[in-house]
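The values are calculated or read from the model by the stated rules, or taken from the named source; none is laboratory data. Everything numeric here is computed off the predicted structure, so don't read it as measured data. Cβ coordinates were reconstructed from backbone atoms using ideal geometry, including for glycine residues, and neighbour counts include every protein chain displayed. Just so you know, the surface numbers come from the protein's heavy atoms only, side chains and all, with ligands and any DNA or RNA stripped out. Shrake-Rupley method; radii C 1.70, N 1.55, O 1.52, S 1.80 Å.
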Amino acid sequence: MADGPDQTNPLPLAALHEELGAKMVPFAGYAMPVQYPAGVMAEHLHTRSNAGLFDVSHMGQVTVRGPDPAAALERLVPVNLQGLAEGRQRYGLLMLPDGGVADDLMVANRGDHLLLVVNGAMKHLDMEILRAGLPDHEVTLLEDRALLALQGPTAQRALAALIGGVAQMRFMDVGVFDWGGHSLWVSRSGYTGEDGFEISVPLAGAEALARALLAQAGVMPIGLGARDSLRLEAGMPLYGQDLTPEISPVEAGLGWAIQKVRRRDGDREGGFPGAARVLAELEDGPARRRVGLLPQGRAPMRAGVALFASEDATEPLGNVTSGGFGPSIGAPIAMGYVPKCYVTGDVLYGDVRGRRLPVTVADLPFHQPRYVR
Amino acid sequence: MKYTEEHEWLDAKDEVVTVGITEYAATQLGDVVFVDLPEVGREITKGEEIVVIESVKAASDILAPLDGEILEVNDALTDNPGLVNEDAEAAWFFRMTTTTPEEMDDMMDEDAYKDLIGD
């Protein structure tokens with residue numbers, strides 16, 4: 001990675017975070033707010049009951065321009081992008097030759113070009129892959145825009161107070177709206193399992209927009225800590241933990257993101273890196289898969305905890321890739337990879353500080369999403 | 001009341017030392033969601049990990065502040081770990097006897113601890 005932990009570039013809203021009392025930590029090469037004075041638990045619960053404002057400006061916003069960019073990007077992303085209507089967005093995966101995942105991302109059709117939103121920690125590597133795979137296209141990492149997320153059941157009310165038009169948007173719609181002379185690129189999406197919006201804003205307007213949103217009733221600033229527990233409850237994978245270069249989208253339970261047209265016997269079958277493995281796994285099922293895990297006790301099982309079939313088994317069968325406490329569940333929750341023979345309700349044992357603690361295989365998500373479709 | 005650099009408070013009365021973590025430590029940890037307490041009767045050596053505290057953010061532990069033996073643990077924390085955040089000075093973790101009580105003389109008093117945390 002080009003960005004080491006020492007290079008903590010300030011986010012465009014650094015001064016506002018400081019004013020709000022945020023505790024800052026290095027993440028993806030940036031100084032990021034991990035929590036505000038309310039704390040992770042309160043911030044998490046507030047997002048589920050009201051609305052939370054997240055600064056996710058570390059994420060990469062990438063435009064792809066040139067001849068038929070959807071057809072071109074389908075060579076790297078196993079998703080029906082040619083069928084993505086203008087003004088719509090879709091979840092996708094940037095693939096590696098052996099069927100692992102380089103990154104997960106959102107792709108929006110903005111008429112004459114595509115807008116990609118990629119993970120902050122992966123954006124420079126993504127740019128190399130995209131530029132190498134799309135030599136006839138102009139691939140640009142935008143450096144002049146911040147990204148805010150407004151999430152929660154009152155997010156629409158708060159954002160519509162500034163931009164009335166967003167109330168008509170459905171889940172995964174994207175649109176352009178003027179706010180005080182700034183062109184906002186809004187999508188109805190997020191990473192919390194709640195209704196909400198992600199808003200790309202020019203740097204010059206970012207702080208004013210954040211302050212205007214925070215001034216709305218029920219909107220509270222939310223840090224990375226609660227972002228992680230919210231997405232964990234919503235069953236969403238985090239790249240670098242639940243998704244890696246070795247794990248295929250099918251193993252990760254993301255087969256739904258690969259539409260029929262890209263599968264075996266589809267009109268545009270395969271044609272992306274790792275297609276042989278991915279298409280075979282879609283047909284035959286993967287050897288291991290990502291599952292939810294509910295520790296039976298109160299002790300959280302965090303990433304790295306090894307999972308065993310019994311209290312005295314010597315060989316681990318898999319491991320936890322994300323885990324912690326679910327504030328809305330009121331109990332520890334986790335996700336991890338286990339062989340396909342283990343199904344919901346099976347009891348496994350996690351090694352927590354040398355003790356084998358029982359954990360039940362569970363369906364994902366733990367928290368049912370509340371999208372406006 | 002005495003304090004350690006690991007942000008524990010020690011309250012000695014009639015040869016029994018009650019141990020908890022400071023409000024500063026509780027704030028740094030964030031919301032506590034799980035506490036793993038030692039067994040009563042366990043012999044402990046200074047510096048040994050004897051309590052695990054899990055917050056929404058991370059796991060951390062309490063190290064034995066002195067040599068001695070665990071007399072009693074606060075089971076209320078097992079059922080309601082959030083007590084640590086509500087009132088860290090009241091939320092004791094365990095009571096112990098010690099074979100090295102003189103070591104407490106070298107520990108920080110309240111003023112010295114406040115200097116340490118820059119309060």
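What the table shows:
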item	result
Residue satisfying condition, being more than 29 Å from A:Ala226 (Cβ to Cβ), away from chain A (no Cβ under 14 Å), open to solvent by 50 Å² or more (accessible area, probe 1.4 Å) and without any contact (Cβ under 8 Å) to a residue 24 or more places away in the chain, within set B:Thr45, B:Thr99	B:Thr45
Count of the range A:293-332 residues which are within 11 Å of chain B (Cβ to nearest Cβ) and not in a loop (DSSP other than H, G, I, E, B)	7
Inter-residue pairs, beta-carbon under 6 Å, first without any contact (Cβ under 8 Å) to a residue 12 or more places away in the chain and in the range A:226-239, second surrounded by 24 or more Cβ atoms within 10 Å (Cβ to Cβ), 6+ apart	none
A:Leu294 vs. criteria open to solvent by less than 20 Å² (accessible area, probe 1.4 Å) and at pLDDT 95 or above	no
Qualifying residue in the range A:23-36 (condition: modelled with pLDDT of 95 or more, open to solvent by 10 Å² or more (accessible area, probe 1.4 Å), on the phi > 0 side of the Ramachandran plot and among the small types (Gly, Ala, Ser))	no
Options B:Ala12, B:Ala91, B:Ala58; residue that is under 14 Å from the mean Cα position of the chain (by Cα) and either closer than 23 Å to A:Gln35 by Cβ or open to solvent by 70 Å² or more (accessible area, probe 1.4 Å) (or both)	B:Ala91
Number of the condition not met by A:Arg289 [criteria: (1) touching a strand residue (DSSP E or B) at 6+ places or on another chain (Cβ under 6 Å); (2) open to solvent by 60 Å² or more (accessible area, probe 1.4 Å)]	(1)
Selection from the range A:226-283 of residues that are among the charged types (D, E, K, R) and crowded, with 22+ Cβ neighbours inside 10 Å	A:Arg227, A:Glu233, A:Asp242, A:Glu251, A:Arg262
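Rundown of residues vs (1) open to solvent by 10 Å² or more (accessible area, probe 1.4 Å); (2) touching a residue at least 24 places away in the same chain (Cβ under 8 Å); (3) in a helix (DSSP H, G or I), yes/no style:
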| position | (1), (2), (3) |
| --- | --- |
| A:Arg131 | yes, no, yes |
| A:Thr140 | yes, yes, no |
| A:Ala167 | yes, no, yes |
| A:Ser189 | no, yes, no |
| A:Gly193 | no, yes, no |
